[in-house]
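Scroll down for the structure; my scribbles are underneath it.
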Amino acid sequence: MLLKKLSELPVVKKVISIEAPHYENFTAENFAPAIVKLAENYSHIVCSANTFGKNLMPRVAAHLDTSQVSDIIKVISPDTFLRPIYAGNAFATVKTNDTKKCVTIRPTSFEPCESSGGTATIEKGEASEEFSNTKFIKREEIKSDRPELGTARIVVSGGRGMQNGDNFKLITEVADKLGAAIGASRAAVDAGYISNDHQVGQTGKVVVPDLYIAIGISGAIQHLAGMKESKVIVAINKDGEAPIFSVADYGLEADLFEALPQFMEELNKLNTIQK
Ligand SMILES: Cc1cc2nc3c(=O)[nH]c(=O)nc-3n(C[C@H](O)[C@H](O)[C@H](O)COP(=O)(O)OP(=O)(O)OC[C@H]3O[C@@H](n4cnc5c(N)ncnc54)[C@H](O)[C@@H]3O)c2cc1C
């Protein structure tokens, strides 16, 4: 997204559409030159701090010879931003003096804009040459009907306390009932209970759902870095001293193998669950 001024954020006035076969697979090497060319007319170049943005924006910033401001959670003024540091344990206010401001944004920290009903004009842009040093070979995707972990309104996560991969079906049942995404701690991923695209935390995904349910997760600082900004946090843990309770809005000190079947029973009694 390229903007004349960051104060224009709420309204998209113009969309520049660039089409070429080499953009089909979203290779950052091909996108960067097109963005750099367009950036000549803009002061701010903004992108999500997701896997794609983290690959693309440093290339753009390097080409423009500017210092990127990463993973912001608030725009204080057109040149000053708030961003978490030290795995979310502190916040830095960062001011950039660069003329071109390259910024990546933590998507869940901002309200989504309307995706329909706008009046933006759509212009055709000029494609850049194909970057020949990198070739796209193949993409392996995990297809799922579940909400995407990074943007889900409800996340149900399991940790090492689940004991094995089979027991994760208890998490799946609850998630299915609530229309939730499934998350996991790194310990659960490392133990092979679930694949690593479910990992929440410093080295996994950062989530800010309306409801985060942590089950059998101790609440290590690296896990908290990925979920502690969730609006409501519920923790189930048999250890009353577990650090997860220090960030939980609701805590249940209980054995998850007793608590989860009871929870499912209560959910099943409800006729309608709002998804
Ligand atoms: C550089 C670095 C990066 C890291 N990045 C991440 C990251 O991105 N995400 C992440 O999660 N971790 C990350 N970690 C690992 C992190 O430090 C912890 O080791 C990990 O989060 C622990 O996972 P856990 O809470 O599932 O396991 P544990 O700490 O072993 O906790 C298991 C919990 O389950 C509870 N429990 C056990 N049985 C039951 C039961 N029957 N009923 C109820 N409760 C039960 C226990 O009381 C305990 O609190 C990182 C570590 C490092 C060094």
For residue 37 and residue 77, extending 7 Å from Cα along the Cα-Cβ vector and measuring point to point gives, in nm, a value of 3.6
Rg/Rh of the chain (Cα atoms, Kirkwood Rh), to two decimals, equals 1.02
Taking r as the C-beta separation of residue 148 and residue 222 and R0 as 22 Å, the FRET efficiency to the nearest 0.05 is 0.50
Placing each pseudo-label 7 Å from Cα in the direction of the beta carbon, residue 17 and residue 255 end up separated by a distance in nanometres of 6.0
In Å, the C-alpha Rg and Dmax of the range 107-232 are 18.3, 55
Cα extents of the range 2-124 per principal axis, largest first, Å, are 42, 32, 26
Neighbours of residue 76 by Cβ distance under 13 Å: Lys/Arg at +1, Asp/Glu at -1, summed charge +3
The range 78-158, convex hull of Cα, quarter of hull surface, nm² -> 11.2
Quarter of the surface of the C-alpha convex hull for the range 189-275, i.e. direction-averaged projected area in nm², equals 6.3
Here, residue 267 and residue 138, labelled 7 Å along Cα→Cβ, have an inter-label distance in nm of 3.5
Helix 168-178: inclination vs the chain longest Cα principal axis, degrees, rounded to 10, gives 70
Taking every DSSP bridge whose two residues both lie in the chain, the antiparallel percent to the nearest 5 is 25
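No value in this document is a laboratory result; all are computed from the given coordinates. A quick note: this is a predicted structure, and the numbers were derived from the prediction, not measured. Here Cβ is always computed from backbone atoms with ideal geometry, including for glycine, and neighbour counts include all displayed protein chains.
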